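First comes the structure, then the notes that go with it.
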Amino acid sequence: MKKLTTFCAIVLALIVMMAFTNGKTTEPPAQVEGHYVYVHAFDYDLQGYHLDVHESGTMDFFPDGTAVDSAAQMYSVMMGDSGKVVYVFNYVSPSRWNLDGEDFYFSGIKESFRMELIDCSFVGCDSARVAELAQEIIKVVSGSIDYKYKFHLDTLTEEKMQWSFTYRDGHSDTWKFFRKQNSQSK
């Protein structure tokens, strides 16, 4: 009788476990580490000018908590009544990251950061002012690159990572990264 009771208890435990898992095996959670591509747009004001920024790039997250953000950034700026300038920057930011639950901390490494003007076109603008503004953009971006930003990790799957950030003024922004096979990791 004792063997039958033990057998029934084991069978009941297995049935309960199967009911909770619904017959599905659990997959390990997706990992941040990997190679991603992204496209992002944002805007801000600088020295009385409104800057519309569009960037496309890659993010590589490594297991040691480092990352590299590389992007081509295009800034469009209206300057005065009829002037317009378009800057194209090469942006490379070696960075640090860590994940704590849904809090994703990310900061650039100032000593390794690069932002270089690779193209500039303008109409109706003073060329000296155009050059000054390009240097001011680089100065402002590089001046805040090592700030430790706290993003909210909205999504992390094998295909996609998405994080969001809420600014002091209350508006928020979202970045969507799509995982790609890196040719170096094959």
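The values are calculated or read from the model by the stated rules, or taken from the named source; none is laboratory data. This structure is a prediction, so every number in the text was calculated from the model and none was measured. Positions of Cβ are backbone-derived with ideal geometry, glycine not excepted, and every protein chain shown enters the neighbour counts. With ligands, DNA and RNA removed, areas are computed over all heavy atoms of the protein, side chains included. Shrake-Rupley method; radii C 1.70, N 1.55, O 1.52, S 1.80 Å.
Spin-label pair Asp52-Asp126: with each label point 7 Å from Cα along the Cα-Cβ axis, the two points sit 2.5 nm from one another.
Extension gain, Ala30-Lys110: 0.36 nm per intervening residue step, less the Cα-Cα distance, totals 25.9 nm.
With Rh defined as the Kirkwood radius, the inverse of the mean 1/r over Cα pairs, the Rg/Rh of the range 75-143 is 1.14.
Could you give the length gained on full extension between Asp45 and Lys180, defined as 0.36 nm per residue of separation minus the Cα-Cα distance, in nm?
Net length gain for the segment: 45.3 nm.
Order the following by accessible area, largest value first: Phe113, Phe178. Probe radius 1.4 Å; ligands, DNA and RNA are ignored. Write down the numbers at each step before the final one.
On the way: Phe113 30, Phe178 95 Å².
Sorted by accessible area, descending: Phe178, Phe113.
Per residue, how large is the accessible surface of the range 97-154? Use a 1.4 angstrom probe and give square angstrom. If you can, show how the numbers build up before the last one.
Working: 3430 Å² over 58 residues.
So the range 97-154 comes to 59 Å² accessible per residue, rounded to a whole number.
The Cα atoms of the range 35-186 cover 48, 38, 27 Å along the three principal axes, with the biggest extent listed first.
Sorted from greatest to least, the principal axis extents spanned by the alpha carbons of the range 66-105 come out as 49, 20, 9 Å. Rounded to whole Å, the principal axis extents of the Cα atoms in the range 132-175 read 42, 25, 17, largest first. Close Lys pairs in the range 85-186 (alpha-carbon distance under 21 Å; sequence gap of 8 or more, or different chains): 10. Between Asp64 and Tyr147, full extension at 0.36 nm per residue minus the direct alpha carbon distance yields a gain of 28.0 nm.
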